[in-house]
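Reviewing the structure listed below.
All of the numbers you see were taken from the coordinates with simple rules; none came from a lab. Source: prediction; values computed, not measured. As a convention, Cβ positions derive from the backbone with ideal geometry for all residues, glycine included, and neighbour counts pool all protein chains shown.
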Amino acid sequence: MLFADAESSYEDADYVVFGAPFDKTSSFRCGSAKAPGAIRNESYNFETYNPHTGIDLANLKIHDALDINTGGTVHSALFSVESVVTRCAADGKIPIMLGGEHSLTLPAARQCKPSGIIIIDAHFDLRSEYEGEKYSHACITRRLFEDVTDNIVQIGIRSGTKEEYAFAEQHGLCYLSADDVLEKGIDHVIREVEKCTGHEKVYISLDMDAIDPAYAPGTGTPEPFGITPRDVREILRRFAGGCIGFDIVEIVPEIDINTASLGAKLVREFIASNAQETTR
Ligand code: MN
Ligand code: MN
């Protein structure tokens, strides 16, 4: 099954959706490997027309490259992501990765060569390594910071070790906690993010556990007191325009299928918002 409205050929497409069914480094609840299929299924619930943007997704050129072969190890999974995103970036197409776990963001973001990265997540993911694995989902922001760009903003943060908080402080990492979003409002947060990343050549990574478990309980590591789906939608609406790549990770559909449904909707919001900017 294809993601809804993703019926273009690769050659014609402006957007390339692909699934990365991999969850081998998941530390708490596994099952994000089943998310790409669930997100595709749920995507058929929604109308093709997006009333906020005036964009009809049926008129866009979207290709679904199906699921990549993630093999057995984290390295083979990362390499498969790297291959498909390298090709998309070379051909001027926007890759949209349906994870899978957060570790997959490293090759996806790196191959897009972004000038800035926006990470929406409950967790810092700033560990140097986790359970002996440097490329664990729990280390993704650290890897991006070291290997891709130090121009990173994190939104929705509310969980990290003392060392991770100290690392963020020490390196001047820009982050906005879930409480910042609630207390100062999403407009303030967006202005802060703009100061750090700007709007051009931004990569956005959405770890679904950023959203409060009341709305999105189906994640690998649910963390209470999160941000709302509306906050995430607003971030996508404001930054999708200059975005060169997007991923959505850490959905575990077996726990809650509505989290996959929300994920599918947010992917569609991303595409419509990007298309609105580029057709303006
Ligand atoms: Mn994460
Ligand atoms: Mn997380």
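Brief remarks on what is shown
- Global geometry of the range 70-140, whether rounded, prolate or oblate, following the gyration tensor of its Cα atoms and the 1.5 cut on a/c: oblate
- Cross-link partners of LYS61 among lysines (Cα-Cα below 22 Å; sequence separation of 8 or more within a chain): LYS93, LYS201, LYS265
- Summing +1 for each Lys or Arg and -1 for each Asp or Glu among the other residues whose beta-carbon sits under 11 angstrom from that of GLU269 gives +4.
- Working note: Karplus 6.51/-1.76/1.60 with θ = phi - 60° gives the range 269-276 the couplings 4, 4, 4, 4, 5, 5, 5, 4 Hz, where Gly and Pro are set to x.
- Counting only DSSP beta bridges with both residues in the range 15-278, the antiparallel share comes to about 10 percent.
- Environment charge at PHE46 (Cβ cut-off 14 Å; Lys +1, Arg +1, Asp -1, Glu -1): -1
- Gain upon complete extension [GLU194, ASN258; 0.36 nm per residue less C-alpha separation]: 20.0 nm
- Rough spin-label spacing in nm, given labels placed 7 Å along Cα→Cβ, for GLU129 and ASP150: 2.4
- Mean Cβ neighbour count within 10 Å, used as a protection proxy, ranking 158-170, 106-118 highest first: 106-118, 158-170
- Length-normalised contact order for the range 15-278 - Cα pairs under 8 Å, 6+ apart - percent: 25
- Set of aspartates and glutamates with alpha-carbon distance to LYS34 below 15 Å, sequence-local pairs under 8 removed: ASP23, GLU42, ASP67, GLU101, GLU250, GLU254, ASP256
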